[in-house]
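Accompanying notes for the structure given below.
FYI, it's all coordinate maths here, none of it is from the lab. Being a predicted model, the structure only gives us computed values, none of them experimental. For neighbour counting, all protein chains shown are included, and Cβ atoms are generated from backbone atoms with ideal geometry for every residue, glycine included.
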Amino acid sequence: MLGLLALLTSAVFFGAAIYINVAEQPARLCLDNRTALAQWVPAYRRGFQMQASLAILSGLLGLAAWWQSGNALWGFGAAVILLNWPFTILRIMPINRRLEATRPEEVNEETRGLLVHWGRLHAVRSAFGAIATVIFLVAVWLELRG
């Protein structure tokens, strides 16, 4: 059961992350620079809360499934989904801080460049979610096979 919950939460994480990359970010980039930044700030704050919680929950459930079953795939999947935390802190947070500190009168092409770069980095988070989900799915499949 723990493994299925790890799979479920990583899949929800991945779904939310990929939605940002294929729908929200492209729509945001169709806006002018000032409006794009104004839309990014609250969207980022809401998304961060949800995705951070899902990554931690999925990682902890994956580790618990590994401890319970002894199947190292659960631990590997947990490590991949938990990589979102150091990646976000080290690579994405500096950009977030710069974007959040930008006042409306300071918005320019550099701001757009930061938003574009943020989207590319967020795609890495989506990839972590996809990889963890596939690993958890394989672990479930192996356990169901017997």
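Scanning region 81-108 for residues that are within 18 Å of ARG34 (Cβ to Cβ), assigned to a helix (DSSP H, G or I) and touching a Ser or Thr at 6+ places or on another chain (Cβ under 8 Å) returns a single hit, LEU99.
Yes/no matrix, rows are residues, columns are (1) in contact (Cβ under 8 Å) with a residue 40 or more places away in the chain; (2) small (Gly, Ala, Ser):
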{"position": "GLY77", "(1), (2)": "yes, yes"}
{"position": "LEU83", "(1), (2)": "yes, no"}
{"position": "ILE92", "(1), (2)": "no, no"}
{"position": "ARG97", "(1), (2)": "no, no"}
{"position": "ALA101", "(1), (2)": "no, yes"}
{"position": "VAL107", "(1), (2)": "yes, no"}
{"position": "GLU110", "(1), (2)": "no, no"}
{"position": "GLY113", "(1), (2)": "no, yes"}
{"position": "TRP118", "(1), (2)": "yes, no"}
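Go over the candidates LEU115, LEU121 one by one and state the one that is in a helix (DSSP H, G or I), touching a Lys or Arg at 6+ places or on another chain (Cβ under 6 Å) and over 21 Å from TRP74 (Cβ atoms). Reasoning before the result, please.
Working: LEU115 fails: touching a Lys or Arg at 6+ places or on another chain (Cβ under 6 Å).
Step by step, each of LEU115, LEU121 is checked, and only LEU121 is in a helix (DSSP H, G or I), touching a Lys or Arg at 6+ places or on another chain (Cβ under 6 Å) and over 21 Å from TRP74 (Cβ atoms).
Evaluated against (1) within 15 Å of PHE14 (Cβ to Cβ); (2) within 12 Å of the chain's Cα centre (by Cα), TRP85 falls short on exactly one condition, (1). A residue that is buried (at least 17 other Cβ atoms within 10 Å of the Cβ) and under 15 Å from SER10 (Cβ atoms) occurs nowhere in region 109-124.
Of all the criteria given as (1) surrounded by 15 or more Cβ atoms within 10 Å (Cβ to Cβ); (2) over 30 Å from LEU142 (Cα atoms), the one not satisfied by ARG46 is (1). A single member of ALA23, ALA27, ALA64, ALA72 is exposed (fewer than 14 other Cβ atoms within 10 Å of the Cβ), among the hydrophobic types (A, V, I, L, M, F, W, C) and more than 20 Å from the chain's Cα centre (by Cα), and it is ALA72.
Which condition from (1) within 19 Å of GLY62 (Cα to Cα); (2) of a type in the set (Gly, Ala, Ser); (3) in contact (Cβ under 8 Å) with a residue 24 or more places away in the chain is the one that ALA123 breaks? The one condition ALA123 does not meet is (1).
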